[in-house]
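Comments concern the structure below.
The values are calculated or read from the model by the stated rules, or taken from the named source; none is laboratory data. None of these values were measured; they are calculated from a predicted model. No Cβ is skipped: glycine too gets one built from the backbone with ideal geometry, and neighbour counts run over all protein chains shown.
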Amino acid sequence: MTITVCTQRSPEMISQLVDVWEQSVVATHTFLSEAEIAEIKTIVPSALMAIPRLLIIRHPEIQQPVAFMGIDAPRLEMLFIEPAARGQGLGRQLLQYAIQHEGVTELDVNEQNPQAIGFYEHLGFKTVRRSELDGQGKPYPILTMRLAQ
C-alpha cells in the first residue's frame, strides 16, 4: 500500500483519521478507561490539524485511511493502525519511510503498551528516558526512544 502526504485536512478526512485513532487506541491502549479515551478523543482533531507532516495509508479498494502517522521532525508524534490492518507490515512501512524520508530519530511511547515498545525496538529504537507522567500530566509513564546509531 502507498503512503501519501495528507495535504487536504478536510473535516471528513480528520473524522476518518479520528476513527482510525480510536479503533487503534481501544485495541492497544488497554490501560485506558473508556472515559479516558473519550476525553483524549476530544483533542485528537486539533492535534491532527496542527501536526506539521501527516502521512496516510489508504485501503486500496475503498480509499479510506487504515493507518497514519504524524511527524514533527525529528520526532514521530503519532502512529496508529486500524486493528483490521495490523500485522500487514503497515507500521513498519510507515516508520521506515519516516526514518528514511522525514528524518525521524525520536519518539515517545506509553510504557504500558509493550507491543509498541517491542515494535520500535525491533526497528532500531532504544529507550533513553522515562517520565512518570504523560503529556497531559496523567500517571501513565512515557518512554522516550531514539534511533540507535
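Quick notes on this one:
- Hits in segment 56-87 - residues which are small (Gly, Ala, Ser) and in a strand (DSSP E or B): Ala67, Gly70
- Checking each residue in segment 93-146 for being of a type in the set (A, V, I, L, M) and either touching a helix residue (DSSP H, G or I) at 6+ places or on another chain (Cβ under 6 Å) or more than 20 Å from Ala67 (Cβ to Cβ) (or both) picks out Val104, Val109, Leu123, Val128, Leu133, Ile142, Leu143, Met145.
- For segment 1-26, filtered to residues that are in a helix (DSSP H, G or I) and among the hydrophobic types (A, V, I, L, M, F, W, C), the residue that is farthest from Ala67 (Cα to Cα) is Val26.
- Of residues in segment 20-36 being of a type outside the set (Ser, Thr, Tyr) and exposed (fewer than 15 other Cβ atoms within 10 Å of the Cβ), the one modelled with the lowest pLDDT: Phe31
- Glu132 being among the acidic types (Asp, Glu), free of Cβ contacts under 8 Å to residues at least 40 places away in the same chain and surrounded by 14 or more Cβ atoms within 10 Å (Cβ to Cβ): no
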